[in-house]
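Step one of this worksheet: look at the structure below.
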């Protein structure tokens, strides 16, 4: 028989305001197994925890029930308290009388009644609890970073810096990501390439870091500390280790009409290409969709001009299997498609562009070599209209757009407007905004400078319609403060498109069993306290895959993710979750049903000799659970017809005891 | 004689990762739902054995609801897919035995859906209350 | 804020099905409105005024009848507020206030005219027979 | 009358015993009466000749016995399998419940088995002998001198009237000819209950299940219920329930039993055959089979070894539990 102590928390007035805590502790004092019952203002405080420790010593407690806030909040706290008091931490159960009782009910009587029942259920469960000890598993001291943008680069550098090997998997032929496409960065206006490319070089030169470019993750198995990952390396038809990146092939390639994705299709590249001058790895890649040699066997020019002999038209996709201890997701973002926003005439006029396209138009390495020329006729635009919040902050029910604020648009639009006025004082620049959101160090000052020093016209209101007419774009907009409708003849319209997670994130999340929100951003383990960890152990989040972020924030999160990875890889062994399935060999039929439903392949079978009731022996097939692989979902326990399979910590008998206590 | 006001007894099995967190969020946002709902935490909706559901009814529950992560979002990848099949068959069987189908329900509630959790519980409690006491599951054997 | 028109406001929200609290004051409805210059109160003001209970001026404004019901504001509103439906509801309120809110089935034959499209009659009947 | 004779089977068994292929034979033998035939293990030709029986009352499905017998018997066991028995045989193999190498399976055709209750309904009580060797069943009672002649068709067991398959899905050797899978009307009865109002369904099942005496015969005969320890007989399962303690427990027992075998039940009908209270238990199992077929696509347990049963499988777009009630066929 257990000797259970019950501790009812007031949580100040959070619980005590709706639940008669004295009545609860009195009622639970008479439950079977309970030898001590009390209540206190803040059980989670040091004084509260000491109270538990004292009671354990005084009353020789073997089990503890805390009636308090959600176990998701303080289960770990009270387990530690129990351990400190010399009780197995898994002899603690929490009755959630705050989130699921006092906070959702208003009436003292019903709240108290419910709290007592929840407490009884917890007591009933503790009566059947058994001490559990976590198993141990080794840690593979290597990390995988998925995505080679600034987030992935920073994370990889920081992990490598601590001495652990890191692999970066990047689906594009080069690392660098979105930041490589940017011109200048707010609020300091230093050029993106100047601060990014040295980091890219650092990655290339770091002997702890391997880059799998033009590759993607196709399969993830295993668990924290022991992931088995399959990486698919797409055939680039160029031998990576031999290519010197001289670029002779790209010059001689006769197929030059391929839309250049690095410049967002605003100019062309050749079928064999190096995305940009500072690409890492700086090796050519053949685009099989356009290469004549690969398509119909006619050409072969690149192979002839390559002095190094790096071209290999027979290259095949390659699958690499590698073991990792930790995985960092840094899959980043993309601007959303403007197809559904007909009113801005994005698909009708070449002179309506997104902000990312504007970045390329102003970049010295861009299609116009840094001169601000409008795409349709390469003339200098004199009137430019910037539209903010295109597709951001939309109604959840709206078919187009996203519900969230994309966070970075206010600042980059201010940057674009300021730079335009700085370089071309003869242009009129209008920015239509709903709100200007500039929470960040030196951000608001930056925006004010755009208005006060550079004379950018900030207008509170929205653009309703853009109509191409002749070589002008007729912009119809509202000025809410002046209460009038504006008609502007613009030469260029720039849309601050909302950003969304990269499309590869969703299938990756499924592979990693990491959860996502409705917008396909990865969910963090705790929104405030564990912002760089995924709820799936061993999976960490870096950059915009977790939510919209600017560069400073991305870099700091990348560093934070790296430090979490380092903390994990620094351990030699991981202690697992002891709440895993186990099979009672005496009852097991060996029927393989459990094995079929296990998502982790944690169950295997072995033949074992048993003594039968009639004193003969027989060989029987029985299930064996690998506790390091089992994650404790309990699916097998229900599939098992004989009830041989049970889940520690959530045993059939424990759940039934809870059901019985509630239904009494 | 004083007639005691009928209060339904509802057992809610919530998976630890989504629905239990959704219930916590309902609490954080102070969204009311009837105190008749008592939550039992399970690691995954697939931990819920049909026996638990029947046991609850046997011991006098008036309604049993299972909440889990949305299909595709299971913390354990596939648990809720199995739950979905198991409960579809179990509920169909209970219906076949003439037991009111409103007494059982499966609802997918994510950790972000505190409002949905509260709304679901309000709706379910209301439907169960409308059915009154759970006589059928208790009395199948005894002809009256 | 004290709201003297609470009853009327509730009526408008009910008949229109619009929730003006969803508005984030971006002004896209007004930016998009083809009849903007004809109006005294513009679509975004309409939403704002109904929300604050400042409905009398709307009832008496000609703006009410300048709305073309082109629904551009409904289409483009990022928040799904549907200002045109609110304009329509205020129009109906204005008509009802004048007592001319009812069209009886018996009145219809007298109004029959080859030039009136059948659709107009049906929609008028649907609207004013409530 | 069965197409193959007792003598044919004894001859086959004797020759396999003689040449050492098998060391024992799982067959039928007469019980107290001609119609209560029980399974038995034969080790010699003499035993076979003395006690082996094959007639219209040999309904017992031997598959389940292989689980324990293969562990005990030295050498191979000869087992006679009727078509419907072969499905159970395969299902048990899928679940690794016995060693295929230790079994020599002889498939035998079946013309359908007789239901003694139906025989009694025609011939009356006090049956002293039944002769199945002629065209008709000759039933002798203690009250009449002349035997009552009954057409076997008129007393076919329900499961044989709705026979789902005359095809053997597993055997080492076949005696006689193999048949085909039959497009049976076995779900008609289920559909009839589904078509009732909830109140009628409740009344129907209350009437049926209230007769249950929890003798566990249905569980003990079921070839899918081969658990080393049944949850209902396990004191540590919290569900131990050897006899009904309160009014709900029959239903609990029968729902759980049907659920445990859902997707594994081959619809052999043994549960209903052995029920002393004549509860149509097969209607519970068939409900699950019907539901599985309509929700997740047709599936016949035991049709092949190693197939993935519907309850250990899923698709991402399965129907929701709430949707089962919205379907037209419910």
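The values are calculated or read from the model by the stated rules, or taken from the named source; none is laboratory data. Note that the structure is a prediction, hence the values are computed from the model and not measured. FYI the Cβ positions are ideal-geometry reconstructions off the backbone, even for glycines, and counts take in every protein chain you see.
Is it true that residue D:144 is in a loop (DSSP other than H, G, I, E, B) and farther than 18 Å from residue D:2 by Cα? Here the answer is yes, as residue D:144 does meet what is asked.
Output the residues belonging to region A:574-602 that are farther than 16 Å from residue A:626 by Cα and surrounded by fewer than 19 Cβ atoms within 10 Å (Cβ to Cβ). The one that is farther than 16 Å from residue A:626 by Cα and surrounded by fewer than 19 Cβ atoms within 10 Å (Cβ to Cβ): A:586. The numbered conditions (1) outside any loop (DSSP other than H, G, I, E, B); (2) out of contact with any strand residue (DSSP E or B) (no Cβ under 8 Å at 6 or more places or on another chain) are all true for residue A:229 except (2).
For residues in region B:95-118 being touching a residue at least 24 places away in the same chain (Cβ under 8 Å) and assigned to a helix (DSSP H, G or I), which is nearest to the other protein chains (Cβ to nearest Cβ)?
Our first condition is that a residue be touching a residue at least 24 places away in the same chain (Cβ under 8 Å); within region B:95-118, this holds for B:97-100, B:102-118.
Filter once more, keeping what is assigned to a helix (DSSP H, G or I): B:102-103, B:114-118.
Working: B:102: 9, B:103: 11, B:114: 10, B:115: 12, B:116: 12, B:117: 10, B:118: 7 Å.
Checking each candidate, the answer is B:118.
Among the residues of region D:290-330, the ones that are within 8 Å of chain B (Cβ to nearest Cβ), at pLDDT below 90 and within 28 Å of the chain's Cα centre (by Cα) come to 1 in all. On inspection, residue A:63 does not qualify as within 12 Å of chain B (Cβ to nearest Cβ), buried (at least 21 other Cβ atoms within 10 Å of the Cβ) and touching a strand residue (DSSP E or B) at 6+ places or on another chain (Cβ under 8 Å).
In the list A:619, A:656, which residue meets the criterion of being without any contact (Cβ under 8 Å) to a residue 40 or more places away in the chain, crowded, with 21+ Cβ neighbours inside 10 Å, in contact with a helix residue (DSSP H, G or I) (Cβ under 8 Å, 6 or more places away or on another chain) and more than 30 Å from residue A:225 (Cα to Cα)? Break it down stepwise before answering.
Values: A:619 fails: crowded, with 21+ Cβ neighbours inside 10 Å.
Within the list A:619, A:656, the selection yields A:656.
When the residues of region A:433-476 are filtered to those that are part of a loop (DSSP other than H, G, I, E, B) and within 14 Å of chain C (Cβ to nearest Cβ), the one that is nearest to residue A:338 (Cα to Cα) is A:462.
Scanning region A:489-507 for residues that are outside any strand (DSSP E or B) and touching a residue at least 40 places away in the same chain (Cβ under 8 Å) yields A:491, A:498, A:502, A:503, A:504, A:505.
Go through region A:599-631 and report how many residues are within 21 Å of residue A:222 (Cα to Cα) and facing chain D (nearest Cβ under 10 Å).
Taking region A:599-631 and keeping what is within 21 Å of residue A:222 (Cα to Cα), we get A:599-605, A:623-631.
Narrowing the set further to residues that are facing chain D (nearest Cβ under 10 Å) leaves A:605.
Number satisfying all stated conditions: 1.
Looking across region B:1-52, the residues that are out of contact with any strand residue (DSSP E or B) (no Cβ under 9 Å at 6 or more places or on another chain), more than 7 Å from chain A (Cβ to nearest Cβ) and assigned to a helix (DSSP H, G or I) come down to B:25, B:50, B:51. Among the residues of region A:369-401, none is identified as without any contact (Cβ under 8 Å) to a residue 40 or more places away in the chain and assigned to a strand (DSSP E or B). Scanning region D:67-94 for residues that are over 17 Å from residue D:173 (Cα atoms) and either in a loop (DSSP other than H, G, I, E, B) or touching a helix residue (DSSP H, G or I) at 6+ places or on another chain (Cβ under 7 Å) (or both) gives D:67, D:70, D:73, D:74, D:75, D:92, D:93.
So, in region D:95-137, of the ones that are assigned to a strand (DSSP E or B) and farther than 25 Å from residue D:180 by Cα, which residue ends up farthest from the other protein chains (Cβ to nearest Cβ)? Talk me through it step by step, then tell me what you get.
The first filter runs over region D:95-137 and keeps only residues assigned to a strand (DSSP E or B), leaving D:103-107, D:114, D:127-131, D:137.
Filter again for farther than 25 Å from residue D:180 by Cα, leaving D:127-131, D:137.
Numbers: D:127: 32, D:128: 37, D:129: 37, D:130: 35, D:131: 39, D:137: 35 Å.
Ranking the candidates gives D:131 first.
Residue C:66: within 22 Å of residue C:27 (Cβ to Cβ), in the same structural domain as residue C:31 (by TED's automatic domain parsing) and surrounded by 19 or more Cβ atoms within 10 Å (Cβ to Cβ), yes or no? Can you show your working first?
Details: within 22 Å of residue C:27 (Cβ to Cβ): yes; in the same structural domain as residue C:31 (by TED's automatic domain parsing): yes; surrounded by 19 or more Cβ atoms within 10 Å (Cβ to Cβ): no.
The answer is no for residue C:66.
I'd like to know if region A:413-421 contains one or more residues that are more than 33 Å from the chain's Cα centre (by Cα) and over 18 Å from residue A:356 (Cβ atoms). Yes, because at least one residue in region A:413-421 is more than 33 Å from the chain's Cα centre (by Cα) and over 18 Å from residue A:356 (Cβ atoms).
For every residue, the table says whether it meets (1) under 14 Å from the mean Cα position of the chain (by Cα); (2) more than 9 Å from chain A (Cβ to nearest Cβ); (3) free of Cβ contacts under 8 Å to residues at least 24 places away in the same chain; (4) not in a helix (DSSP H, G or I).
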position: C:14; (1), (2), (3), (4): yes, yes, yes, no
position: C:18; (1), (2), (3), (4): yes, yes, no, yes
position: C:49; (1), (2), (3), (4): yes, yes, yes, no
position: C:64; (1), (2), (3), (4): yes, yes, no, no
position: C:74; (1), (2), (3), (4): yes, yes, yes, no
position: C:79; (1), (2), (3), (4): no, no, no, yes
position: C:87; (1), (2), (3), (4): yes, yes, no, no
position: C:90; (1), (2), (3), (4): yes, yes, no, no
position: C:95; (1), (2), (3), (4): yes, yes, no, no
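Determine the pairs where a residue that is at the interface with chain B (Cβ under 7 Å from one of its Cβ atoms), located within region D:188-210, has a partner that is surrounded by fewer than 14 Cβ atoms within 10 Å (Cβ to Cβ) and outside any helix (DSSP H, G or I) with Cβ atoms under 6 Å apart, the partner being 6 or more residues away or on another chain. Correct list of pairs: D:210/B:143.
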